[in-house]
Structure formats: structure tokens, C-alpha cells
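What follows is a single structure, written as C-alpha cells, with notes after it.
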Amino acid sequence: MTAQVLPPTTLALPALRPARGRPRTRALGQPQRERTSSPQIADRIHRLTRGQVADRLQELGDLYAETSGGDPWAWNQARGPFLGHLTADARRPGFSLLIAETTALTGYAYGFPTGGSGPWWAGFDGHVRGGLLRRAASGRLFVVSGIVVPPRVRREYRDHVWNLARRLQRRLLADHGAALGVALVDVRDGRTVETMRSWGWRYAGDDGLQAVSPGPFRILALAPGT
């Protein structure tokens, strides 16, 4: 049997590809502040059933493409594989997907609980040890496998409790009574690591949850309530 290694956690970030035509200018310094009140007032968060996920799959894919740069690459090359991974995750026991919406879909996050054995650890268990494995064995480890939010959520107010990404990930852990959230990020994907750490994620080793290096992933952990 061929081991199935879990894909890295998904964030909707524009891909780094060779620029064509006039290069874009990236603004530096502090991001522009929103003029609206706390996003917590506007965005309502609720859970979708598996049937509702299937019914809204194309809408979920559209938001992923829009927040991943919105260009033809995001729609044609990235959207299909993303929906394939999401559909596979939706079949896992305990899968949960939370959406945020106002009059339209504004973001979502999803994942599933995992134990200390099974497909999630296949090909990966050699890169973790100690406290992380013990928490997994207790059945209270929750894998956050995707967070899809608009660019402003990734840039602004990242340390605020009402930041939309923080609200989604906190609710995922709370709904499942998880002792710890965990995410895998490709070792080459520094932008995703930086973004997730700004939302309260830490390297597993920061909390005594030892990771063995080198490995294909960076292992990030999230405490409930963060």
C-alpha cells in the first residue's frame, strides 16, 4: 500500500510567479486602517453540514480563487486541485467547515480531528515525537487543513481577537473540544508560516511539542482560545 501524505494546510495566498508586463509595486509600512467598525459585527460564523458543503462547493472554490490573486492561474490551475483536497477532507470522520458571511460568503476554515495513527500520520510520524504524539493519541488533536480569508484579513489587525481568521480557527477548536490545533506548512512556504504565526500559531517546538528535523513540513501548533 502506498502511504498517503496529507497535503500542507491551505491558505489563500497569491502564488509567486514570474511577473509579466509591468511589475506590481508592493506597498511597505503600516497597512491602511479600515474605516469600518470591528469585523466581528458584520461577519456571521456558522457550520455547514457535509451536504451543504457539497451544495456550495463551487462557491467555496470561487472564493478560494478570488482570494488567491483572482487571476487566470488561480482560477484554472489552483482552483481544481484545491477543491479536490477539500472534497477528500470532507470525507474524513469529524470533518468540520465553518463559513463567515454577511450578505455573501467572506471566508471559511475547515479541518478534522485525528488520533495517533491512520492516514494523517502516514509518511509524517517520523517527523514528530513527544507531547504532540501523546496529544494525538488522546484523540484531542485537531488538524486545521484550510483557512480561506480575504487579503485584508491576512494584512490587518492580525493580533486582534476579532480578526476573522482568528475567530474561525478558535471556533473550530472550541466546537471539537480540542486540546491543540495543528497545521502542516511546506518548508519552502515562508509566507504562509509568517501569516499563520501572526494569527497565534507557533512552531511545535515552542511549546515542548518536539519536531524532528529535517522534514518536508513545518509543524505549527495552536492553543485553544488563541
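Summary of computed values
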item	result
Tabulated pairs, region 46-73, first part of a loop (DSSP other than H, G, I, E, B), second of a type in the set (G, A, S) and buried (at least 17 other Cβ atoms within 10 Å of the Cβ), C-beta under 7 angstrom, 6+ apart or interchain	S68/A12; S68/A74; S68/A78
Test: residue in region 112-133 that is open to solvent by 10 Å² or more (accessible area, probe 1.4 Å), part of a strand (DSSP E or B) and modelled with pLDDT under 95	yes
Filter result for G200 (part of a loop (DSSP other than H, G, I, E, B), in contact with a Ser or Thr (Cβ under 8 Å, 6 or more places away or on another chain), at pLDDT 90 or above and not acidic (D, E))	yes
Residue count, region 77-99 (criterion: over 14 Å from the mean Cα position of the chain (by Cα), aliphatic (A, V, I, L, M) and under 24 Å from L222 (Cα atoms))	2
When residues of region 80-105 are limited to those that are in a loop (DSSP other than H, G, I, E, B) and not polar (S, T, N, Q), the one surrounded by the fewest Cβ atoms within 10 Å (Cβ to Cβ)	A104
Verdict on Q77 being modelled with pLDDT under 95, open to solvent by 60 Å² or more (accessible area, probe 1.4 Å) and more than 22 Å from V182 (Cα to Cα)	yes
All positions within region 51-65 that are buried (at least 17 other Cβ atoms within 10 Å of the Cβ) and farther than 17 Å from F112 by Cβ	R56, G61, L63, Y64, A65
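The values are calculated or read from the model by the stated rules, or taken from the named source; none is laboratory data. Because the structure is a prediction, the values reported are computed rather than measured. Ideal geometry is used to build each Cβ from the backbone, glycine not excepted, and the neighbour counts take in all protein chains shown. Areas reflect the complete protein model, heavy atoms only, side chains present, ligands, DNA and RNA absent. Shrake-Rupley method; radii C 1.70, N 1.55, O 1.52, S 1.80 Å.
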